[in-house]
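Remarks on the structure that follows.
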Amino acid sequence: MGPVFDEVSAYLGRRSRWSPVEVAFWVFLFATIWLFPGKYLIMKDTAILALFALSLDLILGYAGIISLGQAAFFGVAGYFSGLVAKHGFINEPVLALFCSGLVAAALGFVTSFLVLRGSDLTRLMVTLGVSLILGEIANRFSNLTGGADGLQGVDIAPVLGLFRFDMYGHTGYIYCLIVLFICFVVARRVVYSPFGLSLRALKGNTLRASAIGIPVKRRLVGIYTFSAGIAGIAGGLLTQTTAFCSLDVFSFDRSADLLLVLIIGGSGYLYGGLIGAVTYKFLQDWISTLTPQYWQFWIGFVLVVIVLVGREQVEEWTAAVRAWIVGLGGRFIARPATSA
Amino acid sequence: MLTILFDGIAYGMLLFVLACGLSVTLGLMNFINLAHGAFAMAGGYCSVILVNRLGVPFVLGLPIAFLVTAVIGGFLERTLYIHVYRRSHLDQVLFTIGLVFMSVAATDYVMGSSQQFVQIPEALQGQFIVFGIGMSKYRLLIILICGLLTIGLQLTVAKTRFGSRLRAAVDDQRVARGLGINVGAVFAVTFAFGSGLAGLGGALGAEILGLDPTFPLKYMIYFLIVVTVGGTTSITGPFLASILLGIADVAGKYYVPTLGAFVIYTIMIVVLIWRPQGLFARSAAR
């Protein structure tokens, strides 16, 4: 056990070290608070989308579970955080956000036993079915959720009792960014732990992974629950920063768009969701100014083209862009280092 | 009570015609086609244009809708789908979701977003009263057409040479290829035929299901339920599953309207937990 153990921990230690590029990436993200003061609302949406995409990446990219129902967790937590704020159960947003993540994780834990059986098709069906059922429930209990009109009259208290959400999304954006960063660090820690390593093994070959003694089912349940929690936090963020929640949070489009985000950014590495979210938002913004009503056509078109060209190919192209950004980031970080 | 049963059967028959193409493509090529509903929608809009704008008789509109959708399906299969068969399920899902989005937006652009109705001839409106049960003439027609189609399909699959090739290809693609069966051609024909059936179903069902650009998204889950519950290895499995689903949905909406679509989703999840391979799947099937 000794030498292998040391080797594994040395390997994971090497992998989990923060590279200068990563540092630069996050420095830049936080710098956007001062760089683009007029764009808070769209940047806030992007941060939420990035967090949501991160949750899907954890199960799709690291554990190989195809899901069309990630919106279930997003929506449940969204309604939960809206309801607790509206009825004044938990007034403090950070605590409420944490609780909504826990609720979503609990739901993920329960549904994971449904998801982890059967083939890809069964998984697609069950994940989709769960989010549709929840959407239907939210629609039916309209006295509680507001039904098709959405949950109105949500009043979100100031963050930590100090920072009130403003109309321009200034507080909202900073809040989202900090939550995104914390979740990212936690996810990074999970992925580079022995647990994360075993996930990669069972994604590669489930049968062999179980043969070398990895408890496949328990690992999948674990990551699915964790991912549901992250998705829940993303959903809670959306409700808190908009002070509104509608049935739209459960929609199929939301889960489908999320897949696109992850494909654009590349799955199986944590920055994929973040880069994908930024690219997707730019794309959506650009297309919807060209054709406000029919932008969905072009989103579909992009999906079809990506698949026909081949995802690996697309990842190669974006890899060039990524390398360029990495180079840029490297210089950016190198300069202050030499001057200091 | 019996009226509900009757309506449920009509609805189920319709679902079967809509979904059986999907079950064959899924079973044959292990291909997840979420865009199947788009073909149904194409058939529906085709009959709307033919009957309402060009004044073609309704009864003639149906076979034309079938043909048009079959041609579209065959064309897309040869040009686009053929590249995606060997890809992972994730790619297939992405690809077909993309097609759904495109079809929804394109239909919206061409036909407008409002709901469309096909003008049904006078002779088919109203209902018969048999033993005190009200049976709408139109639903009777649906049951008749779909029943004949089902028998036809079952005979084709069970008795003809093409049917045996198809079954061989479904059971074991590699061996079928080895025996000299042109699996690609078999698949293309089946795909086109399945799309055509979906188009016919869409044209027939425009009256009952409603027809608007979001049709492929709204009914995708229904088709998938039929296929997963019924299994993909036979005609009878999806058939029984659709009848069951049709009756459960109509009865659920009638008796417990507050729960709405909740009933069928619950049934689906229960069935999938109980028998992940489908309710009527052969246990020996791989």
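Structural remarks
- For region A:167-213, filtering for residues that are surrounded by 15 or more Cβ atoms within 10 Å (Cβ to Cβ) and not in a helix (DSSP H, G or I) leaves 2.
- Selection from region A:224-273 of residues that are under 15 Å from A:Y62 (Cβ atoms) and of a type in the set (A, V, I, L, M): A:A228, A:I230, A:A231, A:L262, A:L270
- Some residue of region A:214-230 being of a type outside the set (A, V, I, L, M, F, W, C) and farther than 25 Å from A:R15 by Cβ: yes
- Enumeration of residues in region A:63-81 that are modelled with pLDDT of 85 or more and not β-branched (V, I, T): A:Q70, A:A71, A:A72, A:F73, A:F74, A:G75, A:A77, A:G78, A:Y79, A:F80, A:S81
- Check on A:L68, farther than 23 Å from A:V190 by Cβ and outside any helix (DSSP H, G or I): yes
- When A:F226 is tested against (1) more than 19 Å from B:A105 (Cβ to Cβ); (2) in contact with a Gly (Cβ under 9 Å, 6 or more places away or on another chain); (3) modelled with pLDDT under 85; (4) buried (at least 18 other Cβ atoms within 10 Å of the Cβ), just one condition goes unmet, and that condition is (3).
- Of all residues in region B:233-243, those that are part of a loop (DSSP other than H, G, I, E, B) and more than 13 Å from the chain's Cα centre (by Cα) total 2.
- Pairs where the first residue, in region B:216-236, is within 11 Å of another protein chain (Cβ to nearest Cβ) and the second is at pLDDT 75 or above and not in a helix (DSSP H, G or I), C-beta under 7 Å, 6+ apart: B:P216/B:A35; B:M220/B:L34
- Some residue of region A:109-119 being among the small types (G, A, S), out of contact with any His (no Cβ under 6 Å at 6 or more places or on another chain) and at pLDDT 75 or above: yes
- Meets criteria (under 18 Å from B:G61 (Cβ atoms) and either in a helix (DSSP H, G or I) or in contact with a Cys (Cβ under 9 Å, 6 or more places away or on another chain) (or both)) for B:L200: yes
- 2 or more residues of a type in the set (A, V, I, L, M, F, W, C) and out of contact with any strand residue (DSSP E or B) (no Cβ under 6 Å at 6 or more places or on another chain): qualifying helices (runs of 4 or more DSSP H) within region A:80-158: A:93-115, A:120-140
- Looking only at region B:67-96, and only at residues there that are over 21 Å from the mean Cα position of the chain (by Cα) and hydroxyl-bearing (S, T, Y), the one that is nearest to the other protein chains (Cβ to nearest Cβ): B:S88
- Residue list for region A:258-268, restricted to those being in a helix (DSSP H, G or I) and more than 9 Å from every other protein chain (Cβ to nearest Cβ): A:L258, A:V261, A:L262, A:I264, A:G265
- The set of residues in region B:59-79 that are of a type in the set (D, E, K, R) and surrounded by fewer than 21 Cβ atoms within 10 Å (Cβ to Cβ) contains only B:R78.
For every residue, the table says whether it meets (1) of a type outside the set (D, E, K, R); (2) within 14 Å of chain A (Cβ to nearest Cβ).
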| residue | (1), (2) |
| --- | --- |
| B:T150 | yes, no |
| B:F193 | yes, no |
| B:L204 | yes, no |
| B:E207 | no, no |
| B:A241 | yes, yes |
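The values are calculated or read from the model by the stated rules, or taken from the named source; none is laboratory data. As the structure is a prediction and not an experimental result, all values here were calculated from the model. Note that we place each Cβ from the backbone using ideal geometry, even for glycine, and neighbour counts take in every protein chain shown.
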